[in-house]
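Following: one structure in structure tokens, then a few remarks.
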């Protein structure tokens, strides 16, 4: 489908596709097998200005917005969702500073993130606070001109690799979610260390680690917005990042569809190409239709954000749910079309199916997304009734 | 440093056909690309520009559509580009081509270094780079596998020749032609691509270069392609097996034209 993308966005798509073909495809199987962080690919993405896409021009970025980021994430995800996650997690980590940081914080941190010399990560989840983000226990206590952080963040993408972490911690535990605050913690801060690297089902190129804070001192100047705004900062961040997850899912699904199409035209059974069988044709047709629908929804939400919409949590959640469920279904069908070969690690669709699963889970499970959608629906309906 | 990267647009090697009547390449309908060796030449220029400061000017001679490789060069980091295009340049051999490119280098002025690829994959002559040097009366270092050192006054380069590696020191300005060993070309950058889309690329013709028609194009070309032909496929050899004595006897018979096999 022709989405009438701007010339800048078409350039991003072409560039990401070239980088994926030249620098990611040849190593994706090794990255997956070895659980290896793709530092060399991040360097290429940085040199190609891809970390500048979502940073405003005033801070060394290109200010191209949400749709541009979605197209980049989608294109990289077609080839390796692990690399794409590593890339997109930087946007997630930068988002709290972008959306709620002070001028001083933006000037201090964004240029390094724009150039890609520093990677970023976002830290909300804890061992006992996943979907229930309000249940976080990491404490931040003001002491002189710094906050002292204690606690553990879990499953942090880019953990140990990033230089800049945006961390949500409680400044006033009695107020629950309203007692949370957002902080910028830099790699090397005293009392800040990393736990072991997780051994994951999919997106294995991405680094996932625990962040451990033991009397970690963070300067007051690194508090984002005000005390008590942490939960709001986190929710705004996730609303803005969800189209990016949706775009990853679209990319994974498209990658699997492309592989399935190519395979179905080569594979012969009963004396003919298997794409001559209606059973395969209808699967391919359904896969392609679902991928296109997911892409259309994702791009529409990204355009809504770029046009300056104030509230889009419902639409962002819809895109995330629909695209990630699509990715899971389409990658499963791609494995099915490959048959026994699809179940083997020599063929890429097995990895794509493992990679797809996380998109239904992270940055808010699809159950949480449906909750977001439903509350918005009920709220909208109630406000109509009042009129 | 003011560096000129001399580039050539060539037909994609996998799709070339030859006009049997005229003995020239048929370029219509064949995708055009930057000569692969020239991508390494451009990268070498960019690296020394990045290291020492200054600018890289991408230069090509060709039909108006050759501008495409200049935009590609800008997307890769060239600071500016210059197209030499004129009906009078058409049909140039390597002599006329290097005369024309050298005239542009002279007119640009203050150029420290011209970098070109070892050869173009269409003509395979490897003469245009050296021709530019000869026309400018500058030193040349060909078959460069590694540029070791570059300062404002001189360069040191390794020539990968058949017998080994020759280390050559050479004053600037100079012309070098590079091999694929020289570097690993970078990916374009997004800012480069954005700049490439809108960059104004000047086009110089015969009058701009102060050359006469006798010096350029077909008229300025002392050589003519008389014929281009596909070589006949050689028949496969014979393989004989046996003891050294038997084989020596077979070979001697063959060489003497005998039939004693």
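Does residue B:128 satisfy the criteria of being touching a residue at least 40 places away in the same chain (Cβ under 8 Å) and within 18 Å of the chain's Cα centre (by Cα)?
Here the answer is yes, as residue B:128 does meet what is asked.
How many residues does the stretch B:70-125 contain that are assigned to a loop (DSSP other than H, G, I, E, B) and farther than 21 Å from residue B:195 by Cβ?
18
Within the stretch B:141-165, how many residues turn out to be touching a helix residue (DSSP H, G or I) at 6+ places or on another chain (Cβ under 7 Å) and more than 23 Å from residue B:9 (Cβ to Cβ)?
Of the residues in the stretch B:141-165, 2 are touching a helix residue (DSSP H, G or I) at 6+ places or on another chain (Cβ under 7 Å) and more than 23 Å from residue B:9 (Cβ to Cβ).
Being surrounded by 14 or more Cβ atoms within 10 Å (Cβ to Cβ) and not in a helix (DSSP H, G or I) is the filter; apply it to the stretch A:338-360 and report the residue that is nearest to the chain's Cα centre (by Cα).
Step by step, filter the stretch A:338-360, then rank; the result is A:360.
Here is a yes/no grid of residues against (1) closer than 28 Å to residue A:48 by Cβ; (2) modelled with pLDDT under 95:
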{"residue": "A:101", "(1), (2)": "yes, no"}
{"residue": "A:104", "(1), (2)": "no, no"}
{"residue": "A:107", "(1), (2)": "yes, no"}
{"residue": "A:118", "(1), (2)": "yes, no"}
{"residue": "A:121", "(1), (2)": "yes, no"}
{"residue": "A:129", "(1), (2)": "no, yes"}
{"residue": "A:134", "(1), (2)": "no, yes"}
{"residue": "A:140", "(1), (2)": "no, no"}
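Keeping to the stretch B:47-69, report how many residues are surrounded by 23 or more Cβ atoms within 10 Å (Cβ to Cβ) and either assigned to a helix (DSSP H, G or I) or without any contact (Cβ under 8 Å) to a residue 12 or more places away in the chain (or both).
1
Residue by residue, here is whether (1) in a strand (DSSP E or B); (2) modelled with pLDDT of 95 or more; (3) under 30 Å from residue A:67 (Cα atoms) holds:
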{"position": "A:199", "(1), (2), (3)": "no, yes, no"}
{"position": "A:205", "(1), (2), (3)": "no, yes, yes"}
{"position": "A:216", "(1), (2), (3)": "yes, yes, no"}
{"position": "A:221", "(1), (2), (3)": "no, yes, no"}
{"position": "A:227", "(1), (2), (3)": "no, yes, no"}
{"position": "A:245", "(1), (2), (3)": "no, yes, yes"}
{"position": "A:250", "(1), (2), (3)": "no, yes, yes"}
{"position": "A:255", "(1), (2), (3)": "no, yes, yes"}
{"position": "A:262", "(1), (2), (3)": "no, yes, yes"}
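What residue, of A:65, A:82, A:61, is within 29 Å of residue A:312 (Cα to Cα) and within 11 Å of another protein chain (Cβ to nearest Cβ)?
A:61
From (1) farther than 23 Å from residue B:209 by Cβ; (2) surrounded by 23 or more Cβ atoms within 10 Å (Cβ to Cβ), pick out the condition that doesn't hold for residue B:73.
Going through the list (1) farther than 23 Å from residue B:209 by Cβ; (2) surrounded by 23 or more Cβ atoms within 10 Å (Cβ to Cβ), residue B:73 breaks only (1).
Would you tally the residues in the stretch B:193-229 being in a loop (DSSP other than H, G, I, E, B) and either surrounded by fewer than 19 Cβ atoms within 10 Å (Cβ to Cβ) or on the phi > 0 side of the Ramachandran plot (or both)?
19
Is one or more of the residues making up the stretch A:160-180 farther than 16 Å from residue A:96 by Cα, outside the structural domain of residue A:88 (by TED's automatic domain parsing), under 18 Å from the mean Cα position of the chain (by Cα) and in contact (Cβ under 8 Å) with a residue 24 or more places away in the chain?
Yes.
What number of residues in the stretch B:158-192 are assigned to a strand (DSSP E or B) and either within 14 Å of another protein chain (Cβ to nearest Cβ) or without any contact (Cβ under 8 Å) to a residue 60 or more places away in the chain (or both)?
Summing the residues that are assigned to a strand (DSSP E or B) and either within 14 Å of another protein chain (Cβ to nearest Cβ) or without any contact (Cβ under 8 Å) to a residue 60 or more places away in the chain (or both) in the stretch B:158-192 gives 12.
Just need a number here: residues in the stretch A:1-25 that are more than 14 Å from chain B (Cβ to nearest Cβ) and under 26 Å from residue A:209 (Cβ atoms).
Residues in the stretch A:1-25 being more than 14 Å from chain B (Cβ to nearest Cβ) and under 26 Å from residue A:209 (Cβ atoms): 0 in total.
Out of all the residues in the stretch B:31-52, is one or more touching a helix residue (DSSP H, G or I) at 6+ places or on another chain (Cβ under 6 Å) and closer than 19 Å to residue B:201 by Cα?
Looking for residues that are touching a helix residue (DSSP H, G or I) at 6+ places or on another chain (Cβ under 6 Å) and closer than 19 Å to residue B:201 by Cα, one finds at least one in the stretch B:31-52, hence yes.
Here are the criteria: (1) surrounded by 24 or more Cβ atoms within 10 Å (Cβ to Cβ); (2) closer than 17 Å to residue A:288 by Cβ; (3) within 17 Å of the chain's Cα centre (by Cα). Tell me which single one residue A:325 does not satisfy.
In the conditions (1) surrounded by 24 or more Cβ atoms within 10 Å (Cβ to Cβ); (2) closer than 17 Å to residue A:288 by Cβ; (3) within 17 Å of the chain's Cα centre (by Cα), residue A:325 misses (1) alone.
When the residues of the stretch A:26-42 are filtered to those that are within 14 Å of chain B (Cβ to nearest Cβ) and within 21 Å of residue A:244 (Cα to Cα), which remaining residue is nearest to the chain's Cα centre (by Cα)?
Only one residue tops the list, namely A:42.
Search the stretch A:102-129 for residues being within 22 Å of the chain's Cα centre (by Cα) and without any contact (Cβ under 8 Å) to a residue 24 or more places away in the chain, and hand back the single one that is surrounded by the most Cβ atoms within 10 Å (Cβ to Cβ).
A:129
Could you figure out which of (1) part of a helix (DSSP H, G or I); (2) closer than 17 Å to residue A:162 by Cβ; (3) touching a residue at least 60 places away in the same chain (Cβ under 8 Å) isn't true of residue A:67?
Unmet for residue A:67, out of (1) part of a helix (DSSP H, G or I); (2) closer than 17 Å to residue A:162 by Cβ; (3) touching a residue at least 60 places away in the same chain (Cβ under 8 Å): (2).
Can you go through B:247, B:155 and tell me which one is at pLDDT 95 or above, surrounded by 10 or more Cβ atoms within 10 Å (Cβ to Cβ) and not in a loop (DSSP other than H, G, I, E, B)?
When all the criteria are applied, what remains is B:155.
What do you reckon, is residue B:237 away from every other protein chain (no Cβ under 14 Å) and over 20 Å from residue B:64 (Cα atoms)?
yes
Take the residues of the stretch B:20-42 that are in contact (Cβ under 8 Å) with a residue 60 or more places away in the chain and surrounded by fewer than 20 Cβ atoms within 10 Å (Cβ to Cβ): which is farthest from the chain's Cα centre (by Cα)?
The selected residue is B:23.
Residue under question is residue A:363, and the condition is that it be touching a residue at least 12 places away in the same chain (Cβ under 8 Å), assigned by TED's automatic domain parsing to the domain that holds residue A:253, within 20 Å of the chain's Cα centre (by Cα) and not in a helix (DSSP H, G or I); does it hold?
Criteria met by residue A:363.
Can you find even one residue in the stretch A:84-91 that is assigned to a helix (DSSP H, G or I), out of contact with any strand residue (DSSP E or B) (no Cβ under 9 Å at 6 or more places or on another chain), touching a residue at least 60 places away in the same chain (Cβ under 8 Å) and buried (at least 24 other Cβ atoms within 10 Å of the Cβ)?
Yes, there is a match, as at least one residue in the stretch A:84-91 is assigned to a helix (DSSP H, G or I), out of contact with any strand residue (DSSP E or B) (no Cβ under 9 Å at 6 or more places or on another chain), touching a residue at least 60 places away in the same chain (Cβ under 8 Å) and buried (at least 24 other Cβ atoms within 10 Å of the Cβ).
The values are calculated or read from the model by the stated rules, or taken from the named source; none is laboratory data. Quick caveat: nothing in here was measured; it's all calculated off a predicted structure. Every residue, glycine among them, receives a Cβ derived from its backbone with ideal geometry; neighbour counts consider all protein chains shown.
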